[in-house]
Ligand code: SAM
């Protein structure tokens, strides 16, 4: 549609550079909020494109800050963006983008850990974000927990994270980053590392390299298991990741029996098991252990 932006507001392409927006609204980055801003629109558009087709349903952005990625999403033709930002200082800067976006951008001042995804807009829903690294892992676990309840809640998750965390999500067995978060993630989603960004891409630069990661929920989990049981098994196994399972699974009851039933060697260690093998262990747990003691 060729409708003009609201009177007195700029078109998206004509908004001032992000550096001036940050200066004009006094948005000095706060460490406590994990603020590392992306100011290069070529880069934020690239992240937006990595999220795939945005022309249907709801694109959920967590932590828009001054709005660099928000602009990227809108420029890449997102039909509707809902941007959830905790920092009230960002409101005016984001309102300017909303005015230019002619109804395609909705702002929500809230803690992303508290919002219910389905309340943000109709499916297909996707999350696209340069995540605040201090709450990145809890946010991912919260979304995965929702996907375990209903895989249709999200179509995809495309997020910037510390490379070290991203590597845990895509890890293969018998590697150092393979752990509880890997098993939970890959049980529910296909996970793919897309590209890295150096610290200097951000203002202020973080201490570590960042990666863009994409998760696509599987239509059904890789193998049957209850989330609580799987959690108990991976917690016990990776809690003592250097020990053999006959030792590390003792806290779950008769470890010998568990290994017999599942056909796993007693001498195996947590990092050698596939996701499917963890699911088999979860199914073999005695019922009183399965739902969390
Ligand atoms: N999207 C912007 C960009 O790429 O330049 C900012 C990314 S910055 C890494 C993370 C953003 O998340 C900040 O704007 C911060 O205020 C916001 N944030 C931090 N904790 C949050 C939370 N619990 N809920 C919502 N937003 C949060």
inquiry  = Quick check on the exposure proxy: order 150, 40 from fewest to most C-beta atoms within 10 angstrom.
reply    = 150, 40
ask   = Taking only the alpha-carbon atoms of the chain, what semi-axes of the equivalent ellipsoid follow from 5 times the gyration tensor eigenvalues under a square root, in whole Å, largest first?
value = 41, 19, 15
remark   = GNM of the chain, Cα pairs under 10 angstrom: of 278, 195, 37, the biggest fluctuation goes to 195
Nearest-ten-degree value, helix 136-149 long axis tilted from longest Cα axis of the chain = 70 degrees
note = In a Gaussian network model of the chain with springs linking alpha carbons closer than 10 Å, the residue among 61, 272, 167 that fluctuates most is 272
remark   = Rh (Kirkwood, all Cα-Cα pairs) for the stretch 239-293, Å, reads 11.2 Å
key: Viscosity 0.890 mPa s, 25 °C: Kirkwood-radius Stokes-Einstein D of the stretch 122-173 over Cα pairs, µm²/s   = 207 µm²/s
request  = Binning at 10 Å from 0, report for the stretch 95-145 what percent of all alpha-carbon pair distances ends up in each bin.
outcome  = 19, 49, 28, 4
ask   = Suppose R0 equals 25 Å; then what is the FRET efficiency for residue 240 and residue 113 from their Cβ-Cβ distance, rounded to the nearest 0.05?
value = 0.25
note = Two pseudo-spin positions, 7 Å from Cα along C-beta at residue 192 and at residue 14, lie apart in nanometres by 3.8 nm
task = Evaluate the distance, in nm, between pseudo-label points positioned 7 Å from the Cα of residue 49 and of residue 261 along their respective Cα→Cβ axes.
result = 5.1 nm
inquiry  = For the chain, set up a GNM with springs between Cα atoms under 10 Å and report which of 28, 83, 129 has the largest fluctuation.
reply    = 28
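Quick note: the coordinates plus some simple rules give every number you see, no bench work behind them. Remember, it's a predicted structure, so these values are computed and weren't measured experimentally. Glycine also receives a Cβ, built like all others from the backbone with ideal geometry; neighbour counts cover every protein chain displayed.
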